[in-house]
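Presented below is the structure to which this report refers.
Taken together, the values in this text are just the output of simple stated rules run on the coordinates, not laboratory data. Every value quoted in this text rests on a predicted model; they were computed, and no experiment measured them.
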Amino acid sequence: MAKKVLVVDDDPEIVKYIIKILDDNGYENCSASDGLEAMDKLKAEKPALITLDLEMHEEWGPRFYRKLTQEEEYKDTPIIVVTGLSGGQYAVRKAVATLSKPFEPEELVKNIKKAIGPPE
């Protein structure tokens, strides 16, 4: 069974772009459009890794991250921050990587493999 990545971003085009990259590289995926939905998906889908936008309409990425770290079962889930904000690397202390939009697909895949290994 392939490893699953949760894509959290409120921009549907970014979500489609990341999901295409994940599909092309053999990773399963699910998505959420804000931190509130992401918490539900996290519990239902139990992803191996999360890509997290910082600035979203409903609940911002840093707030979701704080909630995540308070949940014993999920606090060590690797996070890759994908953001258009400068200084994004400071918003999520334990992020395994921070990618600035726009980013190259290879950069995302390299960081996913580094964090959780190949898809199977």
Could you pull out every residue, at least 5 positions away or on a different chain, whose amide H is within less than 5 Å of the one on Glu59? Hs are placed 1.01 Å off N in the peptide plane, and Pro or chain starts have none.
Gly35, Leu36
For Asn29, which sequence-distant residues (separation of 5 or more, or a different chain) have an amide H within less than 5 Å of its own amide H, given hydrogens modelled in the peptide plane?
Val5
Quick one: compute the contact order of the chain, relative version, from alpha carbon pairs under 8 angstrom and 6+ residues apart, as a percent.
25 percent
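Between Glu58 and Arg93, what length comes free when the chain is fully extended (0.36 nm per residue of separation minus the Cα-Cα distance, one decimal in nm)?
Numbers: separation 35, 0.36 × 35 = 12.60 nm, distance 2.14 nm.
Contour length minus the Cα-Cα distance gives 10.5 nm.
Enumerate the helices in the chain for which the Kyte-Doolittle hydropathy averages 0.0 or more and the C-alpha atoms extend at least 30 Å along the helix's axis, using complete DSSP H runs. All intermediate terms of the calculation are to be shown ahead of the outcome.
On the way: long enough: none.
Within the chain not a single helix satisfies the rule.
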For q = 0.26, 0.27 Å⁻¹, Debye-computed log10 I/I(0) when each Cα of region 56-120 counts as one equal scatterer:
-1.22, -1.24
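So what's Rg/Rh here for the chain, counting alpha carbon atoms and using the Kirkwood radius for Rh?
Values: Rg = 12.7 Å, Rh = 13.9 Å.
Taking Rg over the Kirkwood Rh, I get 0.91.
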